Structures are given as C-alpha cells and as structure tokens.
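Structure record follows, encoded as structure tokens.
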Amino acid sequence: MNLILIAVISLGAIALVIAVILYAASKKFAVYEDPRIAQVAEILPQANCGGCGFPGCSGFADACVKADTLDGKFCPVGGQELMVQIASILGRDAGTAEPMLAVVRCSGSCAKRPRTNMYDGAVSCAIAASLYGGETGCSYGCLGCGDCVSVCQFDAIHMNPETGLPEVVEDKCTACGACVKACPKSIIELRAKGKKSRRVYVSCVNKDKGAVTRKACEVGCIGCGKCVKACSFEAITLENNLAYIDFNKCKLCRKCVEVCPQHTIIEENFPPRKPKEEVKEVAPVAEA
C-alpha cells in the first residue's frame, strides 16, 4: 500500500513540476497577436485566391495590420469598398487602386489559325505545352484546353466553342490572377479596367518574324511598327517583332487601331465609329 501511495505522490509531483515548467515557457515564449488581425480577417471574402500577393486571406490581414500604410495592398475580390472597411478598423487611409481585369491576348480563333495537326492527349494546357507547340503554326497562341477556366473560382472565364478561345466575363472577374498563372503560354494578362471599361490592347503574343506570323495566323502581329509611329503618347513599344501597349500611358485615342494592317489591336466598349464623310471633288469653274 505504501509503495502505491509513494508512486502516486511521485507522479503527482512530477506532473506539478512539468506544469510549472510549461506555464513558465508559455509566458516567456508567448507570441502576441494583434486582435485587429482577427477583425480584418473576419471581413475578408476568404477566397484565398492569392490575388493580393499574400498567402491567403489570413496572410493579407496580418500584412495590413503590421504595415504602416495600406499603399500597395488591395483585395481584388472585395474591391475598394472592402479596403475602406479595413482602413476604418486600422484607422488609416484606404487610398485608391485602379480596378484591374484579366485580358486574353490572343485572337487566333479556329477560323484565323489553320490547324496543321491534331492533339490526342490529356485535356490540359500545361501538359500540351510541355509536349509540343500546339495544333497550329503559331506556337505562342492559346491551346484551348481550358486550364484557365478550371482554376477560376468566380466563374469569370469560359471557353467559346466557336472560336476555341477563352472569354472573360467582365462583371465577374476579380483580377485575382489565377488564370494568368495557369496559362502556360502567358496569353492572359491583368490590365487596367479603364475609364467606362474601355481598353485598347494588342491581342497577340507571337514573337516570330512577320512573314512567319502572317502564315500561321491572319490576325497576328507582324511587327510592322505602324502603331508605334501613330501613337503620340509613346504608349506603344516594339520588341522582338511584337507590339505592346502600356495601359498607363495609353490615352485611348485609338489611332493605332486604325493603322494596324492585321487588325491585331483590340478596342473594347467604345461607341461605334462615325462613318467618314466622303470629300467630293469640286470641278473648277470655267472663266467667262
């Protein structure tokens, strides 16, 4: 009986010592967490899309609380209204951020890009891109397997069965960037949504020489440089036989659209152009 009692007392004493050690360790190594982190995380959409540039909504909340300012921090899913709420919790200025949108920079539909072979493998752009250049003569264009569609959490991108190209639903797109990361050909880009949702961009990523590009796609950029000369704001650059429009410099004048011989430059959500009036030649009046 005494042995059992001694054993119980010994175990109780050991447990007490361990409890004291754990308590002291928890106090010494305790990590303080600002309660505002939980408040910010609670109002976030919990999409965990990574569009903010941080690992999930909890990481974004932690970064917002610890930063001195909210400049450069933006939740694409919640938008500006959510950032105003976060700013009110933290007592800071929300600032303003230009809305972004995913843009598909490829117009090579089935009718514009003739097929030269047939792919009979796994329906995945990533797998197809690792195996070969594509079913057409353009090795830069869309593969049409829909990896961008499968990764979108907001049902904002769909494959057009007629053209074989992805199309972005503007009202649903949150510019999270998931489709941009999923595209192995890098034809999807985040661009400024623009005033009144108006945008002008080069819908091509082909860097081949003009003759090669024209043979592979009817609407591919041939690097002629006419758009560069037409732009008065230095918004267009030509590099590796491919034109690119900087949306930060573009004034939406659309002069580049008019001069592009390949119709590669896209204008979205603009009113229809007015027909040009024909100038009639007036015959000279004969002197009496």
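Summary table
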item	result
Pairs, first on the phi > 0 side of the Ramachandran plot and at pLDDT below 85 in the stretch 77-98, second in a loop (DSSP other than H, G, I, E, B) and surrounded by 15 or more Cβ atoms within 10 Å (Cβ to Cβ), C-beta under 6 Å, six or more apart	GLY95/LEU70
Counted residues, the stretch 36-82 - those being of a type in the set (Ser, Thr, Tyr) and either closer than 15 Å to GLY95 by Cα or assigned to a loop (DSSP other than H, G, I, E, B) (or both)	1
Exclusive hit being assigned by TED's automatic domain parsing to the domain that holds GLY137 and surrounded by 16 or more Cβ atoms within 10 Å (Cβ to Cβ), set CYS49, CYS125, CYS75	CYS125
Residues that are of a type outside the set (Gly, Ala, Ser) and within 22 Å of the chain's Cα centre (by Cα), drawn from the stretch 22-70	LEU44, PRO45, GLN46, ASN48, CYS49, CYS52, PHE54, PRO55, CYS57, PHE60, CYS64, LEU70
Conditions (1) under 24 Å from GLY220 (Cα atoms); (2) more than 17 Å from the chain's Cα centre (by Cα); (3) in a loop (DSSP other than H, G, I, E, B); number of the one not met by CYS142	(2)
Looking only at the stretch 99-110, and only at residues there that are in a loop (DSSP other than H, G, I, E, B) and at pLDDT 90 or above, the one that is farthest from CYS204 (Cα to Cα)	SER109
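For every residue, the table says whether it meets (1) more than 24 Å from the chain's Cα centre (by Cα); (2) crowded, with 20+ Cβ neighbours inside 10 Å; (3) modelled with pLDDT of 95 or more.
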{"residue": "GLU189", "(1), (2), (3)": "no, no, yes"}
{"residue": "ALA211", "(1), (2), (3)": "yes, no, no"}
{"residue": "ALA216", "(1), (2), (3)": "yes, yes, no"}
{"residue": "VAL228", "(1), (2), (3)": "yes, no, yes"}
{"residue": "ALA235", "(1), (2), (3)": "no, yes, yes"}
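The values are calculated or read from the model by the stated rules, or taken from the named source; none is laboratory data. Remember, predicted model here, so these are calculated numbers, not experimental data. So basically every Cβ, Gly included, is an ideal-geometry build from the backbone, and we count neighbours across all protein chains shown.
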